[in-house]
Every structure is written in C-alpha cells, then in structure tokens.
Amino acid sequence: MQRLQAFKYELMPNGEQQSNMRRFAGACRFVFNKALALQKANHEAGEKYIGYVAMAKHLTAWRNGSETPWLKDAPVHPLQHALKDLERAYKNFFAKRAAFPRFKKKGRHDSFRYPDAKQFKLDAGNGRIFLPKLGWMRLRLSRDVLGTPRNATVSQSGGKWFVSIQTEREVEQPEPQATSAIGIDMGVARFATFSDGSFLAPLASFKKHEIRLRRYQRAMSRKTKFSSNWTKAKARVQHLHTRIANCRKDYLHKATTTISQNHAIVCIEDLQVRNMSKSAAGTADAPGKNVRAKSGLNKAILDQGWFEFRRQLEYKLAWTGGILIAVAPQNTSRTCSSCGHVSKDNRKTQAQFLCVACGHEENADVVGAINVLARGHRVLACGEDVSHARPARAKHAASVKQEPAEVSQAQA
Ligand SMILES: [Zn+2]
C-alpha cells in the first residue's frame, strides 16, 4: 500500500529569504488571480474554457512581457503550479464539489509549491533545505522525513514560515491489532460519546480563546491603520489564531490516534455539516429561520472540527487496517437501544433518555452511540446499503490515494 504523508517543519530564513518568499507567494497569487480574471472575461465573451497548457503559454508571455517583468524573479514551477491550483478549483466547480473559484487575498494562506522533487534538495543531516531562487535555508527538523519526497510547499502562518514536504513510501497493508467495534455519537455538550459509555470532553480551547481574540480584535480596530501599534496588535491577533488552530489540531490528532489504535471498526453518523451550515443561512427568497441560534450551533460544530475528526479517523484507520463506517443519522437519538421503540418522547432532555415503551433509561448520547454501532454492524453483516451508509469510502481510503496531512509542526 502506498502511503502519502506530509511532513511539516518550521523554516529559519534570513531577512532576504523572508522578503523573497513573500514576493514569490505574491507572484503566485498574482498569476492565480490574473488567470482567473482571464478565464472569466473569456467566458463572458462566449469563448471556451482555457486549459492548462494554453494558460501556461499566457504565463510565459506575462513573464517575458513588459507589464509584469518582476514575474521573472519568481521561480517558474511554483507559478505554473498556481495555474494547476486554478485548474483544480475549476474541475471541482464543474463536478459540483466546490463553489466557483475566488480571487486570492493577500495574507490569507500565503504559499507556493515546488511541485517536483527535482526542484529542491533536502539535506536532513545538516538540517537544511535548498529551494530554487532562495538558496539553502535552515529548518527545525522536529522529526525524520520518511519516504521519497514528491513536492514541497512553503507557507506562512502566524508570522512564521513553514515547509511541508510530501513524501511517498510503500508500507505493508497492516493487519488490524484491535478487534473491537465502537459507535460514536458526535455532540456539542460532549465532543464525542462512545457506545461503551466513555466520552471526550468538548473542545473548549476555542471558546476560551475566542473571548481573548475578540478583545485583541477590538484593540486592533481602535488603532490607526498601518501605524506601528496597529501592526503590533495585528500580529497579536494572528498569533492567537495560530495558537487556536494548533490546539484544535493537537486535540483531534490525540483523539483519533487513540480511537484508531483501540478499535478495528469505528461507526459514526454520516453528518452533512456543510449542508447544515447552508440551511441555517437560508436563501435570498427564504432566509433561514433562527439563523442566529443555528449559526451558533453550526459554529460550535465547525469549531469542534467534526469533519476533520472524521477525515483523520478515516486515514488513521486505513493505516491500522481498521475500517470506518458512516451510517445514516436519522433517529439515532430517538430510538431505544433496548427495545427499538422510536419516539421523540424517548428523549426527555438533551442528556436524558427514557424509553416510553419499555422504561429503559440511559444517557441520551450513549444511546445514540449504541444505535450508531448497531447500524454499523447491520451494514457490515448484510453488506447492504442501509440508507446512505458508505463503507466503500473507507475501503477506498485503504487502497491507494489518500491525503493524510499528518504533520508535525514545530511550535513556539
Ligand atoms: Zn425501550
């Protein structure tokens, strides 16, 4: 089995390298935006979509032309890769997987990629990496790079620069060590409740930081824009954003690692978080009811990173030889796990479950998790598609292509 894995390290650039990296990221953003504008104008003129090869010819003209000669200072491969990024965005849009591509803004996900291993040299022994037009740069090698490097992405976050090296290596298809199966109920009061009665506390780090974040943002808004105090306040806001993201990542990784090591079969609800966000906002004709309340819930859901949780479980289980089964979420919180009676009256409160038919009493989230597990077992036993359960996805993840972003990020 091929495993693709990304290894992320902090870079330690000198002043000149820093300003060059900023310029290169800017050049890639410029090329992406210019190509998108061209694509749009072309479409409005009734012309066909411009494919990558034709667009790359435009890029050559921009680099050699007199209007943007500075594009020549940036390495060519990352610029070409920006066009590939745009092409992928369009493909996702055409396939209805994503919204229409948007223009990139400065300061948001500033990055550029060297798409081929030939373009960079990693000297792990000396803790440095060679990048075209940047030269040798030191990096904090917090862990070994495993496998053959495929590409390298340089990015900025919270005032620091990182390089993420994606590698490929052959690993044996693992035999699952664990043999047990578990169901998980995702919630807001508890991040995750398991069918064995245990649970994970909510991810509160963001709430805690959110108050401070708002205070920092207010302080920033009171300062004169672009003054030195404003710049300092802005750096503080960005730093806190990075910390929040790191806390969340760390929490989710610990949780998903533990689960995937202890269980061979993991069943979760197939929650459509993205759809929920959409329905809360409503449409122009029918603005969503309770937008405020719902967006509060959605925010909590997204904060807790349910999607990220599921994504991590999927690839980590593939690594340990386990399987992830997503089952239909309908009525999992209203069905009695003892007698099977379905009624909304079974759910007395958010936390309490009391079956009106048989009197079975249990924590409501535990009941949900037991039902999820039971559904997962049914999916496995009959191999049938009980609703939109998707065991096939997990199987797919186990075979070849996956994009685990298992990263190790040196933190300050
Ligand atoms: Zn019952």
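Working note: Karplus 6.51/-1.76/1.60 with θ = phi - 60° gives segment 9-17 the couplings 10, 7, 8, 10, x, 8, x, 5, 5 Hz, where Gly and Pro are set to x.
Taking the number of Cβ atoms within 10 Å of each Cβ as an exposure proxy, the fewest-first ranking of V171, V379 is V171, V379. Contact order for segment 2-170, expressed relative to its length and based on alpha carbon pairs under 8 Å spaced 6+ residues apart, stands at 34 percent.
Summarising the label geometry, the points placed 7 Å from Cα in the beta-carbon direction at S343 and I211 lie 4.2 nm from one another. Distance between the modelled labels on Q173 and T148, one decimal in nanometres: 2.2 nm (7 Å Cα→Cβ projection). Applying the Kirkwood pairwise sum to the alpha-carbon positions of segment 176-234 produces a hydrodynamic radius of 15.0 angstrom. Around S198, under 13 Å between beta carbons, what's the net of Lys plus Arg minus Asp minus Glu among the other residues? Charge balance in the 13 Å sphere: -2.
Amide H contacts for L271 (H built 1.01 Å from N in the peptide plane; partners 5 or more residues away or on another chain; cut-off under 5 Å): none found. Full extension of the segment from F103 to C247, taken as 0.36 nm per residue of separation minus the current Cα-Cα distance, would add 48.9 nm. The alpha carbon gyration tensor of segment 2-170 gives principal lengths a ≥ b ≥ c with a/c of 1.5 or higher and a/b greater than b/c, which makes the shape prolate.
For the pairs K72/K96; K118/K254; K48/K121; K8/K234; K105/K225; K316/K344, note any where the Cα-Cα span goes beyond 28 Å.
Flagged as over cut-off: K72/K96; K118/K254; K48/K121; K316/K344.
The gain in end-to-end length when the A351 to M12 segment is fully stretched comes to 117.1 nm, 0.36 nm per residue minus the alpha carbon separation. Between M1 and D116, the contour length at 0.36 nm per residue exceeds the alpha carbon distance by 39.2 nm. Within the same chain, aspartates and glutamates fewer than 8 places from K348 are excluded, and of the rest, those with a Cα less than 13 Å from its Cα are E361, E362, D365. If you plug the beta carbon distance of N42 and T258 into 1/(1 + (r/R0)^6) with R0 = 56 Å, you get a FRET efficiency near 0.65.
The order of the peptides 39-50, 353-364, 128-139, 308-319 by mean Cβ neighbours within 10 Å, most packed first, is 308-319, 128-139, 353-364, 39-50.
How large is the charge dipole for segment 2-170, taken about the Cα centre, if only the Cβ atoms of Lys, Arg (+1) and Asp, Glu (-1) carry charge, to the nearest 20 debye? Mind showing how you got there, number by number?
Numbers: 32 positive and 14 negative charges, 75 e Å.
I would put it at about 360 debye.
Across segment 60-68, rounded Karplus estimates of 3J(HN,Hα) from the backbone phi angles (6.51 cos²θ - 1.76 cosθ + 1.60, θ = phi - 60°) give 4, 5, 5, 5, 8, x, 8, 6, 10 Hz, Gly and Pro being marked x.
Every read-out reported here was derived from the displayed coordinates using simple, explicitly stated rules and does not represent laboratory data. As the structure is a computational prediction, the values presented were derived from the model and not from experiment. Quick reminder, even Gly has a Cβ in these numbers, built from the backbone with ideal geometry, and neighbours come from all protein chains shown.
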